[in-house]
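Asker: Before I ask anything, here is the structure I am working with.
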Amino acid sequence: MKTRFESSSQHIPIQATKTLAVGAVFVGLYVLRKRANKTARNGMPFLIVELGDKTGSCGTTIFSDSPVFESISNFSEGDIVEISAMADSYQGRFTPRINSAVVIPPETLDANMLDMLVESSPEDANAMYEELCACVAAIPHEGLREVTQSVLSEVSEVFRSSSAAVAMHHAYRGGLLEHTLHVARAARVLLPLYPQVDPSLAISGTILHDVGKTLEYTQGLVTKRTRVGIMQGHVVLGYQIVRKHGLKKRLAPALLERLEHIILSHQGELEWGAAAMAATPEAVFVSMVDNLDAKMGMVQRVLRNAVPGEEFSDYLPGLKAPILLFSPLADEGS
């Protein structure tokens, strides 16, 4: 009886599958990131499926006449599946046609294989966290520095590994830490241009703005929203965490109010999930820098996972456009 999973020599990462010619058959081990049951206008059921690994993801549609329809209907999001499939394309997008699929128990996989199944930040987590702690230590105002350190001490383990989103930006392991550090880096560079913005409040706000995501998301092979994440959302959860530590550290009420306001307004627009519109210089500043890095994070990820030879990425909902994949120097030489 096999006790450890032995992957086929044909195993191919998601990014590599996208370079295959239509009709090529491949075998791969992937995480079932999404599985949605749908019904066509004619009443026929079908599935929308997203598969992923460390190198990216791909989606496909499975109709009720497919030999794998019944089995995949019973799979769960987060399952590890080995598939045999044929490369195919629909409207210019890679959409594999799955011929067989079986769930692989995670306990049969070694740590290296499990790591290959989960997309992670390209930056070293230890180095990022060390740099973030240095940013905290450099906050000039003692009270804000202590509150920020206290919050990070509570959530540090999850903060280092959590995704920053389910799908939109920095949606991978370590994405929350990467995004937070990038926002803090950008804020420190931009602050000298805006003397009206208090540096201590701004840096504390950038580091704490998404801390509620440590409670909003699960921390497994697939990122999902938790019960409390659905019921309250990371803006409210972050406000609660920051308020608790602000009161514990006896931060001046007016200062705590301004820090809380950054958390409540950082989403930028009420329809995007903000609890209030930014109404202080620091809140406006943090909201704008946060939005900048969220969008550039989408750009960085799509360029990182670009398939050689493709001119444009797929449409990115967060940017409302695809991204041109060639560099300006490549255009100049053409």
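Bear in mind that the values in this text are calculations on the coordinates, not laboratory data. The structure presented is a predicted model; accordingly, all values stated were derived computationally and were not measured. Here Cβ is always computed from backbone atoms with ideal geometry, including for glycine, and neighbour counts include all displayed protein chains.
Asker: Could you identify which residue out of Leu270, Leu215, Leu109 has the top mean-square fluctuation in a GNM of the chain using Cα springs shorter than 10 Å?
Answerer: Leu270
Asker: Further question on the same structure: Diagonalise the Cα gyration tensor of segment 14-116 and give the resulting equivalent ellipsoid semi-axes, square root of 5 times each eigenvalue, largest first, whole Å.
Answerer: 22, 17, 11
Asker: Work the Kirkwood hydrodynamic radius out for the chain: mean of 1/r over every pair of different alpha-carbon atoms, inverted, in Å.
Answerer: 21.8
Asker: Could you work out the relative contact order of segment 151-209? I mean the mean sequence separation of Cα pairs under 8 Å and 6+ apart, divided by the number of residues, in percent.
Answerer: So the answer I get is 24 percent.
Asker: Give, rounded to the nearest 20 debye, the magnitude of the charge dipole that segment 75-173 has about its Cα centre when Lys and Arg contribute +1 at Cβ and Asp and Glu contribute -1 at Cβ.
Answerer: Magnitude of the dipole: close to 420 debye.
Asker: Using Cα-Cα distances under 8 Å and only pairs 6 or more residues apart, what relative contact order does segment 125-301 have, in percent? Could the numbers behind the result be given before it?
Answerer: Details: 281 pairs, mean separation 40.2, N = 177.
Worked out over segment 125-301, it gives 23 percent.
Asker: Based solely on its DSSP helices, what 222 nm [θ] is calculated for the chain when runs of n ≥ 4 H residues each add -39,500 (n - 2.57) and the sum is averaged over all residues, nearest 500 deg cm²/dmol?
Answerer: That calculation yields -13000 deg cm²/dmol at 222 nm.
Asker: With axes computed from alpha carbons, what is the tilt in degrees of helix 233-248 against the longest principal axis of the chain, rounded to the nearest 10 within 0 to 90?
Answerer: So the inclination is approximately 30 degrees.
Asker: In the Gaussian network model of the chain, springs joining C-alpha atoms below 10 Å, which of Arg225, Arg41, Arg243 carries the largest mean-square fluctuation?
Answerer: Among Arg225, Arg41, Arg243, the largest GNM mean-square fluctuation belongs to Arg41.
Asker: Sorting Leu221, Leu51, Leu264 on the 10 Å Cβ count, fewest up front, what's the list?
Answerer: Result, fewest neighbours first: Leu221, Leu264, Leu51.
Asker: With the contact rule set at Cα under 8 Å and sequence spacing of 6 or more, what percent relative contact order holds for segment 74-119?
Answerer: 34
Asker: Taking θ = phi - 60°, what integer Hz values does the Karplus form 6.51 cos²θ - 1.76 cosθ + 1.60 yield along segment 54-59, in sequence order, with x for Gly and Pro?
Answerer: With the stated coefficients, segment 54-59 comes to 4, 8, x, 8, 8, x Hz.
Asker: Quick check: residue separation of Ala254 and Leu190 times 0.36 nm, minus the Cα distance between them. What number comes out in nm?
Answerer: Contour length minus the Cα-Cα distance gives 20.6 nm.
Asker: Once phi is turned into ³J(HN,Hα) by the Karplus curve 6.51 cos²θ - 1.76 cosθ + 1.60 with θ = phi - 60°, what whole-Hz value does each residue of segment 302-316 show in order, with x for glycine and proline?
Answerer: So the Karplus estimates, Gly and Pro as x, are 5, 5, 5, 9, 4, 7, x, x, 7, 7, 10, 6, 5, 4, 9 Hz.
Asker: Here's another thing I want to ask about it. Could you go through segment 90-102 in sequence order and give the Karplus-derived ³J(HN,Hα) for each residue, using 6.51 cos²θ - 1.76 cosθ + 1.60 with θ = phi - 60°, rounded to whole Hz, and x for Gly and Pro?
Answerer: Each residue of segment 90-102 in turn: 9, 6, x, 10, 5, 9, x, 9, 7, 9, 8, 7, 9 Hz.
Asker: Debye sum, Cα scatterers, segment 238-303, no solvent: what log₁₀ I/I(0) at q = 0.21, 0.23, 0.28, 0.29 1/Å?
Answerer: Listed by q, the Debye log ratios stand at -0.84, -0.93, -1.11, -1.15.
Asker: Between the alpha-carbon centers of segment 65-100 and segment 175-234, tell me the distance in whole angstrom.
Answerer: Answer, in whole Å: 35.
Asker: Counting Lys +1, Arg +1, Asp -1, Glu -1, what net charge surrounds His245 among other residues with beta carbon under 10 Å of its beta carbon?
Answerer: Result for the neighbourhood of His245: +2.
Asker: How compact and how long is segment 117-161, expressed as Rg and Dmax of its alpha-carbon atoms in Å?
Answerer: Computed over the Cα atoms of segment 117-161, radius of gyration and Dmax are 12.4, 43 Å.
Asker: Sticking with this structure for a sec: Suppose the Debye formula is applied to equal point scatterers at every Cα of segment 84-243; what is log10 I(q)/I(0) at q = 0.10 Å⁻¹?
Answerer: -0.47
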